[in-house]
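What follows is a short report on a single structure.
The values are calculated or read from the model by the stated rules, or taken from the named source; none is laboratory data. Here the structure is a predicted model, which means the values were calculated and not measured. Here the Cβ is made from the backbone with ideal geometry for all residues, glycine too, and neighbour counts use every protein chain on show. The accessibility values were calculated without ligands, DNA or RNA, using every heavy atom of the protein model including side chains. Shrake-Rupley method; radii C 1.70, N 1.55, O 1.52, S 1.80 Å.
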Amino acid sequence: MTNIKSAIKTEWDFSKLYKNINDSKIEKDVDAICKHFLAFAKKYKDLKFLKSSKGMLEALKDCDLLSSKTSAIPIWYLGLQQSLNSSDDNIQGKINILSDKYLKASKEVIFFDLAISKLDKKIQEKYLKDKTLAKYKYLLESSFLTGKYLLSESEEKIMTDKSKVAHEAWEDMGQKNRGEQKIKFKNKEMSLTEAMGIKSDLPKTDRRALHKLVMERYKDISFIAESELNAVIRNKKIDDEIRGFTKPYESTIIGYHNDVKSIENLVNVVTKHNYISHRFFKLKAKILNTAEKSEDKKITMAELATGISTAKTKKKISFEQGCELVTNAFAKVDTEFSDIFQSYLKNGQIDTFPKLGKRSGAFCSSIVNAPTYVLLNYVDKLNDVSTLAHEMGHAIHSDLSRKQDSIYQDYPISIAEVASTFFENILFDNLLEIASIEEKKDLLVGKVQDDVFTIFAQIAYFQYEKNIHKAVKDKGFVSKEEFASMFVDCRKSYAGDAVDVTETDGYGYVYINHFRSFFYVYSYAYGQLIANALYEEYKKDKSFGVKIKKFLSAGGSMSPEDIFKSIGIDTSKPDFFLKGLKKIEKDLDEVEKMF
Ligand SMILES: [Zn+2]
């Protein structure tokens with residue numbers, strides 16, 4: 001860790017990929033990829049490969065090769081460039097043209113997966129038992145599992161094209177409408193997201209006034225969300241009926257390679273323990289009201305998600321210091337983790353600081369056969385160090401998964417947050433060590449708040465989605481007022497009595513984008529609970545680090561349930577998630593004693 005400053009690059013280095021966005025190699029590479037798709041389609045279109053295990057083996061090997069050769073690096077590269085220059089229409093145009101080309105060619109090989117997934121039951125069993133195909137067993141299993149929900153090739157093409165107008169176009173309209181809203185607060189004009197962003201830092205009266213202004217505007221424009229949600233939910237209901245799904249969340253859970261029963265168990269157990277979340281908000285109300293010298297026992301929705309900070313001065317952590325903290329924390333688990341992080345710094349794989357035109361927030365982006373890149377907007381806050389650890393968790397997960405064959409290198413979305421949250425947890429304990437007493441209190445209560453929002457709130461959202469999907473199905477149409485009153489119930493279900501939820505607060509459903517990516521929200525709770533469990537195991541026994549690495553190197557070669565089982569964590573046990581909730585309750589006991 002000596003002389004880190006001179007050794008690191010804080011801007012993305014793309015020199016291994018392309019010269020710049022006008023590099024003629026970009027288009028040439030896309031053309032080459034398209035040719036690979038077409039050649040593969042021509043070779044296997046006659047479906048003769050399905051007839052023997054020898055044919056299957058050759059075809060699957062070829063398919064593995066194809067996914068490596070057709071990695072959409074050129075388009076992905078342009079996407080990364082765009083996140084640094086978000087207003088550059090030139091890049092967007094290029095991306096659109098090349099993506100259309102790529103998608104058109106990739107559609108030519110849809111038949112391959114479809115034909116395998118629809119193999120006769122008896123032949124399926126034969127191939128699953130075949131030792132020469134052992135390497136592809138999980139691929140075949142997942143394909144056979146989804147096969148019964150798939151349609152014919154031409155029908156699948158119609159479904160894809162139809163979803164653009166029946167879902168995406170509606171969502172696009174809603175997002176544009178919300179994005180264009182402006183409100184005036186204290187003579188300053190601002191967008192609704194801006195207003196939500198500054199709300200936390202305002203004094204109480206202003207904070208509540210601004211919150212009310214924002215929610216009233218969402219109520220005013222809720223007639224658009226009303227049409228949008230009715231349309232996309234009805235469209236989904238039609239899709240589910242055509243494909244044969246009987247529950248609205250099934251397609252999401254199966255698509256994320258999770259087990260439906262196990263997720264239903266997660267949802268039920270969390271909902272039953274909402275009292276933990278109620279207790280947290282009671283404590284939050286006490287802390288905030290004491291700090292603001294108020295006699296109130298309650299808080300309002302304006303305070304629901306604000307940070308809880310009692311420390312008088314906020315610690316500043318430079319990027320160099322942040323890197324040192326992360327390196328030390330990672331090295332304690334395994335030096336390969338800290339080595340990977342160091343190489344990211346050296347090779348320019350992390351774009352660190354905010355810049356004009358650069359998109360906000362943070363992400364990690366990876367693709368087969370190219371270096372992984374991390375984007376940050378680091379401004380010396382303690383939280384920025386956590387974000388760095390979080391995104392590096394994704395990056396390490398992606399890089400170690402490269403040990404798998406191309407077809408297994410992508411891990412399912414449902415376990416992505418396990419890796420990132422685990423590394424955040426690792427860092428957390430190191431932060432506690434350097435924090436003052438006041439900061440320590442803030443960190444600990446912040447951790448419980450994070451668990452509450454990631455687990456209880458997201459599962460309450462899952463329940464809300466279940467309710468609105470059922471209502472649209474039963475009644476044929478749900479009014480904007482009904483969506484709102486159901487959302488008031490949803491907020492109350494996890495916030496409890498300490499938080500006042502008004503009728504207008506019910507219009508929060510208008511801006512929650514995730515309600516349009518049906519039932520995605522459960523993956524947050526799932527990831528957080530498993531990450532916490534892995535961390536508990538690691539704390540008990542430091543040699544568990546080896547098993548963590550096994551999970552991080554598994555990619556998508558097994559189902560999430562089997563990956564965790566292979567390292568001794570059985571998420572299918574009914575009390576698995578329960579144990580995680582009890583741990584949060586214990587943390588809350590501790591925090592309650594501090595305030
Ligand atoms: Zn993440």
Those residues of segment 376-393 that are open to solvent by less than 20 Å² (accessible area, probe 1.4 Å) and closer than 16 Å to residue 338 by Cα come to a total of 6
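The rows are residues; the columns are (1) touching a residue at least 12 places away in the same chain (Cβ under 8 Å); (2) over 27 Å from the mean Cα position of the chain (by Cα); (3) crowded, with 19+ Cβ neighbours inside 10 Å.
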| position | (1), (2), (3) |
| --- | --- |
| 43 | yes, yes, no |
| 51 | no, yes, no |
| 55 | no, yes, no |
| 61 | no, yes, no |
| 79 | yes, no, no |
| 88 | yes, no, no |
| 106 | yes, no, no |
| 112 | yes, yes, yes |
Residue that is of a type in the set (S, T, N, Q), closer than 18 Å to residue 423 by Cβ and touching a residue at least 24 places away in the same chain (Cβ under 8 Å), where the choices are 572, 553: 553
Scan segment 181-192 and report the pairs whose first residue is closer than 18 Å to residue 222 by Cβ and whose second residue is part of a strand (DSSP E or B) and open to solvent by 30 Å² or more (accessible area, probe 1.4 Å), with Cβ atoms within less than 7 Å and a gap of 6+ or a chain change. 182/189; 191/182
Which of the following residues is away from the ligand (no atom under 15 Å from the Cβ) and surrounded by fewer than 24 Cβ atoms within 10 Å (Cβ to Cβ): 468, 459? 468
Within segment 169-199, tally of residues that are in contact with a helix residue (DSSP H, G or I) (Cβ under 9 Å, 6 or more places away or on another chain) and on the phi < 0 side of the Ramachandran plot: 21
Identify, from the list 352, 387, the residue that is within 12 Å of the ligand (Cβ to nearest atom), not basic (Lys, Arg) and not assigned by TED's automatic domain parsing to the domain that holds residue 142. 387
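The rows are residues; the columns are (1) under 24 Å from residue 141 (Cα atoms); (2) assigned to a loop (DSSP other than H, G, I, E, B); (3) of a type in the set (A, V, I, L, M).
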position: 66; (1), (2), (3): yes, no, yes
position: 78; (1), (2), (3): no, no, yes
position: 96; (1), (2), (3): no, no, no
position: 104; (1), (2), (3): no, no, no
position: 115; (1), (2), (3): yes, no, yes
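Each row is one residue, and each column tells you yes or no for (1) open to solvent by less than 10 Å² (accessible area, probe 1.4 Å); (2) within 16 Å of the ligand (Cβ to nearest atom).
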| residue | (1), (2) |
| --- | --- |
| 370 | no, no |
| 374 | yes, yes |
| 412 | no, yes |
| 422 | yes, yes |
Could you check, for segment 433-446, whether at least one of its residues is closer than 19 Å to residue 528 by Cβ and of a type in the set (Lys, Arg)? no
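Let's see how each residue does on (1) closer than 20 Å to residue 395 by Cβ; (2) surrounded by fewer than 18 Cβ atoms within 10 Å (Cβ to Cβ):
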position: 295; (1), (2): no, yes
position: 304; (1), (2): no, no
position: 334; (1), (2): yes, yes
position: 343; (1), (2): yes, yes
position: 351; (1), (2): yes, no
position: 359; (1), (2): yes, yes
